[in-house]
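Working notes, beginning with the structure itself.
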Amino acid sequence: MERRRGNHESSLRRRGGTWEGAIMLSGRRYYVYAPSRAECRQKLLALLERHRRGQLSPAPEAHPPGLGPAVAGGVSNVMRELCQKAGVLRRPAHYLRHCHATLLAALGLEIKTLRRRLGHSRASLTLDVYAHALGEMDRKAAEMVDRALAG
């Protein structure tokens, strides 16, 4: 059974007398084994939950000295205040991630490097989300070839 949900893929299959479960998380494949399908599924769900908790609680070195993790909505509140001061439309904090990735794609960063930087499990996900920036790169490449051929 293959399943695609959110940013992970999982599968369950019987191998001899044992069930094998596999899940892809942040570009890595993890395996679990159990005697029954239900136990195997539960182990996969527990692994996914541990992974999600790890994503939500950043490492201590991710914070400046003396500052703890941001409180819920804290980054969004700061973003709202900055947008008001700058006189621009309010943007969610996630906009910074998208803007950062779009700029790197437009500047020609390799898709594999961008995928790893964003934590995407597959390069195809990165390509789907940032195709608009890559289209601009194709146009620029065509213009460069035109200029080179024109002499």
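The values are calculated or read from the model by the stated rules, or taken from the named source; none is laboratory data. Because the structure is predicted, anything quoted here is derived from the model rather than measured. No Cβ is skipped: glycine too gets one built from the backbone with ideal geometry, and neighbour counts run over all protein chains shown.
General remarks:
- Test: residue in the range 75-98 that is in contact with a Pro (Cβ under 7 Å, 6 or more places away or on another chain) and not aliphatic (A, V, I, L, M): yes
- Filtered residue count, the range 130-151, keeping only those that are surrounded by 11 or more Cβ atoms within 10 Å (Cβ to Cβ) and touching a residue at least 24 places away in the same chain (Cβ under 8 Å): 5
- Looking across the range 87-108, the residues that are surrounded by 15 or more Cβ atoms within 10 Å (Cβ to Cβ) and free of Cβ contacts under 8 Å to residues at least 24 places away in the same chain come down to Arg91, Ala93, Leu104.
- Residue ID - surrounded by the fewest Cβ atoms within 10 Å (Cβ to Cβ), chosen from residues in the range 1-38 that are at pLDDT below 75 and hydroxyl-bearing (Ser, Thr, Tyr): Ser26
- Annotation note: of Ser57, Ser76, the sole residue that is under 30 Å from Leu89 (Cα atoms) and at pLDDT 75 or above is Ser76.
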